[in-house]
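Here the structure is laid out as structure tokens; the discussion comes afterwards.
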Amino acid sequence: MTHRSVTKVFTAAPSHDGDGVALRRAFPGPDLMDLDPFLLLDHLGPTPLAPGEARGFPPHPHRGFETVTYLLEGEMEHRDSWGNHGTIRPGDVQWMTAGSGLVHSELPGETLVREGGTLHGLQLWVNLPKKDKMTSPRYQDTPASSIPVVRNAGGTVTAKVVAGETLGTKGMIETRIPILYLHLTLEPGSRFEQEVPKTSNAFAYVIEGTGEFNDIAVRDHQVVLFDRGGEGVGIANPGPARLSLLLLAGEPIGQPVARYGPFVMNSKEELVQAVDDYQYGRMGVLA
Ligand code: FE2
């Protein structure tokens, strides 16, 4: 398999969002505004929290895209203006299509607040094509037990298939546009290659450890952007520690992106409409 070349490596800067949640924002930022169809990637924690210290994201709206929350440690409770409610735990994924709009809160679970613990997770924003921006909100709350985990022949590489396909195993989450979302773990000394469709944009985010992409060394909290030149992506773990990373690829939508905070539309007029609809309670109200 020929490998895509690395076009850029940069480090996600430490930041805070919501009610004081410590995170690293991979993008948007000075190094990358978006990578069509991906709009944002936040790495929450891992933050050790004393009892009463856990923070989250109080009520805020979304319209025009999807949020994908993947929890590694801790507990997050979700509630929205249309009466949906759920808790995600380690290994679970919530794929939320905000579509025409909602107001939701993403708060630490009761146990995490009471007893303290560690909050660790990732949130990705995936854009929606124009025709789907005003679709009805939809949730795919997927427990860890329903997300396939597959190993290579030697057992040195583990792939959790959130979306797309690897090692002959398909993820079960339905995406509007073709998306590959893999959480890969490589033991020291192992290699892995993943096919990526020629027309997709692809990037990797290193959660933990150090890795090599075409002999370019990368470490934790770094984002790796690839060109579209090869059949796939090659990853190596030179060791000595385990390498944990996300590999993401998606078909570019190729439409104008107008964004204002939690709203991502195609034009300024649609953004003005979104703010208006939110302020007049047309995305519902979260009590
Ligand atoms: Fe949100």
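I'd like to know if segment 9-17 contains one or more residues that are more than 18 Å from ASP141 (Cβ to Cβ), modelled with pLDDT under 95 and within 13 Å of the ligand (Cβ to nearest atom). Yes, because at least one residue in segment 9-17 is more than 18 Å from ASP141 (Cβ to Cβ), modelled with pLDDT under 95 and within 13 Å of the ligand (Cβ to nearest atom).
Test LEU23 against the stated conditions and say whether it is free of Cβ contacts under 8 Å to residues at least 40 places away in the same chain, within 15 Å of the ligand (Cβ to nearest atom) and buried (at least 20 other Cβ atoms within 10 Å of the Cβ). Working first, answer last.
Numbers: free of Cβ contacts under 8 Å to residues at least 40 places away in the same chain: yes; within 15 Å of the ligand (Cβ to nearest atom): yes; buried (at least 20 other Cβ atoms within 10 Å of the Cβ): yes.
Yes; evaluated as a whole, the condition is true for this residue.
Hey, does segment 259-276 have a residue that's crowded, with 19+ Cβ neighbours inside 10 Å, farther than 17 Å from LEU102 by Cβ and among the aromatic types (Phe, Trp, Tyr)? Taking every residue of segment 259-276 in turn, none turns out to be crowded, with 19+ Cβ neighbours inside 10 Å, farther than 17 Å from LEU102 by Cβ and among the aromatic types (Phe, Trp, Tyr).
So which of ASN266, ASN214, ASN237 ends up being over 19 Å from PRO28 (Cα atoms) and at pLDDT 95 or above? Before you say what the answer is, go through the steps one by one.
On the way: ASN266 fails: over 19 Å from PRO28 (Cα atoms); ASN214 fails: at pLDDT 95 or above.
Being over 19 Å from PRO28 (Cα atoms) and at pLDDT 95 or above holds for just one of ASN266, ASN214, ASN237, which is ASN237.
The rows are residues; the columns are (1) modelled with pLDDT of 95 or more; (2) among the charged types (D, E, K, R); (3) within 23 Å of ILE207 (Cα to Cα); (4) not in a loop (DSSP other than H, G, I, E, B).
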| position | (1), (2), (3), (4) |
| --- | --- |
| LEU245 | yes, no, yes, yes |
| ALA249 | yes, no, yes, yes |
| GLN255 | yes, no, no, no |
| LEU271 | yes, no, no, yes |
| ASP277 | yes, yes, no, yes |
| GLY281 | yes, no, no, no |
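For segment 121-140, filtered to residues that are buried (at least 18 other Cβ atoms within 10 Å of the Cβ) and assigned to a strand (DSSP E or B), the residue that is farthest from the ligand (Cβ to nearest atom) is ASN127. Taken together, the residues in segment 80-98 that are crowded, with 19+ Cβ neighbours inside 10 Å and within 17 Å of the chain's Cα centre (by Cα) amount to 8. You will find that of LEU49, LEU32, LEU40, LEU44, the residue that is touching a Phe, Trp or Tyr at 6+ places or on another chain (Cβ under 6 Å) and touching a residue at least 60 places away in the same chain (Cβ under 8 Å) is LEU40 and no other. Here the strands (runs of 3 or more DSSP E) wholly within segment 1-54 that include at least 3 residues being under 17 Å from the mean Cα position of the chain (by Cα) and over 22 Å from VAL233 (Cβ atoms) are 13-17, 21-27, 38-49. Annotation note: Cβ proximity below 8 Å between a residue of segment 106-125 that is closer than 12 Å to ARG89 by Cα and a residue that is modelled with pLDDT under 95 and in a helix (DSSP H, G or I) (sequence gap 6+ or interchain) occurs for LEU119/LEU112. The set of residues in segment 61-85 that are assigned to a strand (DSSP E or B), away from the ligand (no atom under 13 Å from the Cβ) and either polar (S, T, N, Q) or more than 30 Å from PRO256 (Cβ to Cβ) (or both) comprises LEU71, LEU72, GLU73, HIS85.
Counting just the residues of segment 29-49 that are buried (at least 18 other Cβ atoms within 10 Å of the Cβ) and at pLDDT below 95, which one comes out nearest to MET265 (Cα to Cα)? Outline the logic, then answer.
Within segment 29-49, the first condition is being buried (at least 18 other Cβ atoms within 10 Å of the Cβ), and the residues that meet it are 35, 37-45, 49.
Applying the additional criterion that residues be at pLDDT below 95 yields 45, 49.
Working: GLY45: 29, LEU49: 36 Å.
Checking each candidate, the answer is GLY45.
Of the numbered criteria (1) away from the ligand (no atom under 16 Å from the Cβ); (2) more than 26 Å from ALA249 (Cβ to Cβ), the one GLY91 fails is (2).
Looking at segment 90-135, which of its residues are closer than 18 Å to GLY171 by Cα and charged (D, E, K, R)? Selection gives ASP92 alone.
The values are calculated or read from the model by the stated rules, or taken from the named source; none is laboratory data. No experiment lies behind these values; they were computed from the predicted model shown. Glycine also receives a Cβ, built like all others from the backbone with ideal geometry; neighbour counts cover every protein chain displayed.
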